[in-house]
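Each reported figure results from applying straightforward, stated rules to the coordinates on display, with no laboratory input. None of these values were measured; they are calculated from a predicted model. Cβ atoms come from the backbone with ideal geometry, glycine included; neighbour counts cover every protein chain shown.
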Amino acid sequence: MNSQLNIAIVAGGNSSEAEISLRGAAQMAQWLDSQLYVAHTVLVSGTQWTLKHPQHGDLAVTRDDFSALLPNGQRLRFDCALVMIHGTPGENGLLQGYLELMGIPHTTCSTMSAAITFNKFVCKELVRSTGVGLARGVLIRRGQTFDAQALVAELGLPLFVKPNASGSSYGVSKVKAVADLPAAIEAALLEGDDVLVEEFIGGREFSCGVFKPKGAPEVLMPVTEIISHTEFFDYNAKYNHQSNEVTPAQIPVELSDALQQMASRIYDRLQCSGIVRVDYIVTPEGNPYFLEINTVPGMSAESIIPQQVRAMGSTMREVLNQVIADAMQRQTPHR
């Protein structure tokens, strides 16, 4: 009898981040311990869910019970879903809701937490009570009129325009002139129905991974400093080697500890599960400002979380063992 668990690495999705998701999924399959798990890549694209089987090619995944029928007539069922979809439906709660309804353990936040953390405006309102600094911002909905001059008078220049529910810096603009604001808002609306216009906070950018497995000590990862070669930490900086990422960050231990502890408080405030990454700007005066939380952080070999795991003296294989065990413990299937 095969004691290995069938792990569905769920990748793709319906957002601009699908390509990044596929890169991470391929890397995750290599990291998984083959003695404990059988890795299966499940590609999600709209209503078409496909198991990319190495021997049998593409097989349809039945959404009635999240399984796939093999050519020999046997049905392949998955013991756990390792969610690698950035954006919709893997980071905004839609996929989590389906998996929880099916009773299938998964490696990310709950439906509620995923929905909250993906909405930047709502997320900031909840994080406010942790004491971290927050940039002032205005939410603009599709079809809503706005006064560019009034926004600049309130928030100053430069300012950032970003989709309220998106990642990987798609649709994000740094606006330096009033005349450029309408076009920036239109660009952000290509990624979603709500746009967040925020004041610019100058400083150094940092990121910290957190994982709090059920019934085990929390894992506060070393802080990374992100030094972008571009105007800000945009898509090219993140994925086309246009930045330096220093792990652990060369900062005083007091600041490093403060960022880790703040990430831990934010994790708890948002009721997160699995590995998340909290991003900050720290002003020259040493005041941290919350940028965003990534509940499905990038997992290519060069991504920030794998860097932090290596700096801890651990391996992604070891960490994924913990992540899957935690997912299995948090949700017992009722099928």
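The orientation-averaged projected area of the convex hull spanned by the Cα atoms of the stretch 5-107 comes to 6.1 nm².
What the Cβ-Cβ distance of Asp58 and Asp268 gives, at R0 = 41 Å and to the nearest 0.05, is a FRET efficiency of 0.50. Sorted on the mean count of surrounding Cβ atoms within 10 Å across their residues, most packed first, peptides 79-89, 100-110, 173-183 read 79-89, 100-110, 173-183. Each of Arg141 and Gln261 was given a label point 7 Å from its Cα along the Cα-to-Cβ line. The distance between the two points is 4.0 nm.
In a reduced charge model with +1 at each Lys and Arg Cβ and -1 at each Asp and Glu Cβ, the stretch 137-199 shows a dipole moment near 100 debye about its Cα centre. Looking at the square roots a ≥ b ≥ c of the eigenvalues of the Cα gyration tensor of the chain, which shape do they give, rounded for a/c under 1.5, prolate if a/b is larger than b/c, or oblate? Because a/c hits 1.5 or more and a/b exceeds b/c, the chain counts as prolate. Computed on the chain, with alpha-carbon pairs under 8 angstrom and 6+ residues apart, the relative contact order is 18 percent.
If you stretched the chain out fully between Gln30 and Ser228, how much longer would it get, using 0.36 nm times the residue separation minus the C-alpha to C-alpha distance? Contour length minus Cα-Cα distance gives 68.4 nm. According to the square roots a ≥ b ≥ c of the eigenvalues of the Cα gyration tensor, what is the shape class of the stretch 137-199, taking rounded for a/c under 1.5, prolate for a/b larger than b/c otherwise, and oblate for the remainder? Prolate, since a/c reaches 1.5 and a/b exceeds b/c.
For the stretch 170-205, the residues whose amide N sits under 12 Å from a probe point set 7 Å from the Cα of Asn287 along the beta carbon direction are 201-202. When a/c is below 1.5 the answer is rounded, else prolate if a/b is larger than b/c, else oblate, so apply that to the stretch 41-171 with a ≥ b ≥ c taken from the square roots of the Cα gyration tensor eigenvalues. Prolate. Charged side chains reduced to their Cβ positions (Lys and Arg at +1, Asp and Glu at -1) give the chain a dipole of some 700 debye around its Cα centre. Taking a straight line from the alpha carbon of Lys174, these lysines sit under 19 Å away, with near neighbours fewer than eight places off in the same chain left out: Lys120, Lys162, Lys238.
Mean residue ellipticity, 222 nm, helices only, the chain: the sum of -39500 (n - 2.57) across DSSP H runs of n ≥ 4, divided by residue count and rounded to 500, is -9000 deg cm²/dmol.
Between Gly286, Ala325, Val44, whose Cα lies farthest towards the positive end of the dipole of the chain when Lys and Arg beta carbons carry +1 and Asp and Glu beta carbons carry -1, centred on the Cα centre? Toward the positive end, the furthest listed residue is Ala325. Extension gain, Gln329 to Thr47, is 98.6 nm, computed as 0.36 nm per intervening residue step minus the present C-alpha separation. Computed from the C-beta positions of Leu134 and Ala311 and an R0 of 22 Å, the FRET efficiency is 0.20 to the nearest 0.05. Highest average first, the peptides 10-16, 52-58 ordered by how many other beta carbon atoms sit within 10 Å of their residues are 10-16, 52-58.
Potential lengthening of the chain between Met112 and Val253 amounts to 47.3 nm, from the contour at 0.36 nm per residue minus the alpha-carbon distance. Each peptide in 150-156, 209-215 receives the mean, over its residues, of other Cβ atoms within 10 Å, and ordering these scores from highest gives 209-215, 150-156.
Model label sites at Leu157 and Lys214, defined 7 Å from Cα along the beta-carbon direction, differ in position by 5.3 nm.
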